[in-house]
Structures are given as structure tokens and as C-alpha cells.
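The values are calculated or read from the model by the stated rules, or taken from the named source; none is laboratory data. This is a predicted model, so every value here is computed, not measured. We place every Cβ from the backbone using ideal geometry, glycine too, and count neighbours over all the protein chains shown.
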Amino acid sequence: MSIYQKASLVQIPSGYKAADDKLYSVVPSNGDGDFTVTVAADATRVNKDGLIESVVADQARLNYDPTNPQDPHLLLEPSRSNLITQSETFTTISKSNLTVADNTSIVDPQGNTNTKTLTATSYDQPRLEWRGTAVPASNTSYAMSFWVRYNTARYVAIAHFSQTGEYAIFDLVDGEVENDVGTQTAKIEAYKNGWYRVSKSFEVPSTASYNFWKFTLCTQTAPFTGVSGEKADVFGMQLEAGSYPTSYIPTSGSPATRTVDSAHLLNQTLFTDYPFTVYANAKVDNFSNVAFSLIDSIASNKYLCVQFTSSSQIGVLRRDASNNDSDYYSFSYSIGDTLKIAISYVNNTSYKLYVNGTEVADITSGASIPFNHNDISLGQFRIAGDTGTRNSINEFMLFNEALSDSELQTLTS
């Protein structure tokens, strides 16, 4: 018998019914394993054709990789607001030393003709600028993102006024981050029809007078020096409070907010006690996120989960009303990596953890955590006392037994 045939629950995000708020499980097929999803109306995803599209309320966001549209993943994200009030027309954005013109000959990332072409009219910082109000008293992270397409300007940059030593330069020909200076990482992601989404995050200091961003046409080494006459095609400007960019939030006159996603299986009866095994295939969206959590939905102090703690640690958090056991293990990975995680909960005090084919932990005498965790949440730490963080999921399975070492290694390899 294959490992997959042993599973009592198999959730490979593929089928959904928005009218019933359901994400169907492959196993069981009678509905006992279907997850209830909550999704904001008009939240966006990338469809199987590689284009950005809006979904109806509570339609599971099955999001595809635009460069490799095979199996989708379940997109689960925190609540975010796009502070740019005209994300596609740029009419409320300041412009310096460049012009903005319609370019209906270019299909935009939504499959429409809302592309704008920026043309530098001077070498001196040809740019779009967004100036917000004074930043909060405490330091706050913001992420700015654009969809950009090569026209004649090979390089573009994102920078923050108060962080003059931090910026990112992007190469639109090779599709690479040419130069990333600062404490938070820049990204460039390929989309259909030659588009890239470029993004850069900054922690804006409390000493800053304004939250003041720049998007520039530039040269390979100088983020504030351009070439007069060079052009870049752009779409979908987004600025959001957070340490990383999330899915597109279109605006047309005022800031817009996408509410938080959720995917829950409450009062499940597929297993009721130890031993059991949980498997999750997840892309690391951010540190402190979790791949899954087995919880009591009405209690904030009952959970079994695996946490993406930091770039050098992964955590196993176990808790009930009386006991709290948090273990952290050395494991190197980065935001954007995909981890295959299997944890076999053997009994109250014992578990084994495998990640990407490697045994990370074999605990035989940990704190005693009796089982009282009959609810399942994907990519969410807990329901009662929700922290608001979310993490996307590629695949999730449960086994009503403790898998062997060889099975755990095979499953996560």
C-alpha cells in the first residue's frame, strides 16, 4: 500500500464551491473533509492562464504560478490595504521628469489594455512619487510593488525618501534583482507576456517626517539617475503596510482593503486521539507564519502546529489548557522556499518531525499535552485570539497513525 492510500484526509487544492463556501478534499469524498473558506469579494488570484482576476466572496483562491501553471496552491493572506488611490491610472501620484501615457497595444497582467508607458524626460530622477502622512510613532514596515514590462529602459528602482541608503534596482531584461540594498529583501517575479512584478520592503523609522516612496527609471548602478527618452510599461501600483507584498488590490479613487482569508475544518472526526501524522507542503510566505494548526477553535491556549520561526529555526508548538511546550530546531531556509513537513504525533509526550526528507526532531519525553484539538486551520495559528498571519498551502494530509521513519522520509522528499 502506498503512503497516500493510508491517508484519512487529503487536501490538494483543486475543487471548490463558492456558493457553499467549500474547498473540497480529495479524501474523504463524502464531504467530511471539506474545508470552509472565508475570502473577501474581489480578492484577486492568478488563474491558470497566468492572468490576475478577481474572485467572488468565499471562493477559495486557487492561485497558479504564472511561469509554471500546473497545480495551484491555496492562497491564504492577511488583511492588507492598498494605500495608492488610483492603482492603474496613476492620476493621484506625483510625477517628476517623466510622462505617463496610455498604451493600449500592450495587454496588461489582467488581460486588458490598461497599460501605462512611462517616458523619462530628464536624466535627473525620472520618477513616480507617493507621499503619505507622517509615519506612526513606532517603526512600521511597508512594501511597494509594481508590474513592469521592458520597453527601452532596462533598469527600474524602488526607494524610500527617508531611507536614502536603501533601495532596489531591477533588471527587466534578465528578470533579476540587480542591486538590493537594505535590511528587507526585494523581489522580482515573472508574469505572462513579459511582465514582472517588482517589489521592495522597508522598515520606515519613527524619525521619518513622511512616508515618501519613489519608483524611478534608472541605470544599472544609480537608482536616481536615468536616461532621457527611455521608456517602461507599468501596471498596478501597490503600497501596503507589511513586510512583504501580497496579491493585487486594485483601487479607483480611494484606498482599498482586502480582508483576511481563512480555511477551517471544524469538529472533525477523522481522528480523535494520538497517534496520528500531519503532512503539509507549503511555501514560506513570511517568518512567524505556520503551515497548519490543530486547535480548539474557541480556545486560544490549545494548539498543535509547526511554525516558520526564522531563517535558521523551525518550531513545534504544542499546548493545551494546562501545559505549554515550544521546541525550536536548527533548520536553514528562506522566505519563498517550499517546505515539505511531516510530523508524527506519537503520544502525549512524543513526536517526530521531518522536513524536506531530513529528520529534524525525535522527541520521546517532552511535556505531556493531552489531545483536545479537534479543529484544523490551514496557514493560521489559531481562531480564538487570531494573530492575523496567514500562509499559503500546496497540499495537506492527515494519517490516523504514526508513520514509520522511512514513510516520513519518503513523504517529505
Looking only at region 209-222, count how many residues are more than 25 Å from Asn103 (Cα to Cα) and surrounded by 18 or more Cβ atoms within 10 Å (Cβ to Cβ). 2
Within region 183-195, considering residues that are under 17 Å from the mean Cα position of the chain (by Cα) and assigned to a strand (DSSP E or B), the one farthest from Thr115 (Cα to Cα): Lys187
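Here is a yes/no grid of residues against (1) touching a His at 6+ places or on another chain (Cβ under 8 Å); (2) aromatic (Phe, Trp, Tyr):
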{"position": "Ala157", "(1), (2)": "no, no"}
{"position": "His160", "(1), (2)": "no, no"}
{"position": "Ala168", "(1), (2)": "no, no"}
{"position": "Trp195", "(1), (2)": "no, yes"}
{"position": "Phe212", "(1), (2)": "yes, yes"}
{"position": "Leu217", "(1), (2)": "no, no"}
{"position": "Val234", "(1), (2)": "no, no"}
{"position": "Pro245", "(1), (2)": "no, no"}
Filter result for Ser254 (within 30 Å of Pro126 (Cα to Cα) and either touching a helix residue (DSSP H, G or I) at 6+ places or on another chain (Cβ under 7 Å) or in a loop (DSSP other than H, G, I, E, B) (or both)): yes
Unmet requirement for Thr99, which otherwise passes all of (1) among the β-branched types (Val, Ile, Thr); (2) surrounded by 14 or more Cβ atoms within 10 Å (Cβ to Cβ); (3) outside the structural domain of Thr387 (by TED's automatic domain parsing): (2)
With the condition kept exactly as written, say whether any residue in region 38-47 is among the charged types (D, E, K, R), modelled with pLDDT under 95, farther than 22 Å from Ser145 by Cβ and assigned to a loop (DSSP other than H, G, I, E, B). no
Among the candidates Leu9, Leu74, Leu98, which residue alone is in contact with a Lys or Arg (Cβ under 8 Å, 6 or more places away or on another chain) and more than 30 Å from Trp130 (Cα to Cα)? Leu74
Within region 24-37, can you find the residues that are part of a loop (DSSP other than H, G, I, E, B) and either touching a Leu at 6+ places or on another chain (Cβ under 8 Å) or not assigned by TED's automatic domain parsing to the domain that holds Arg390 (or both)? Ser25, Pro28, Asp32, Gly33, Asp34
Taking region 232-251 and keeping residues in a strand (DSSP E or B) and surrounded by fewer than 19 Cβ atoms within 10 Å (Cβ to Cβ) leaves Ala241
Taking Ser310, is it under 22 Å from Ser413 (Cα atoms) and surrounded by fewer than 19 Cβ atoms within 10 Å (Cβ to Cβ)? yes
Would you point out which residue out of Ile383, Ile376, Ile335 is surrounded by 16 or more Cβ atoms within 10 Å (Cβ to Cβ) and in a strand (DSSP E or B)? Ile376
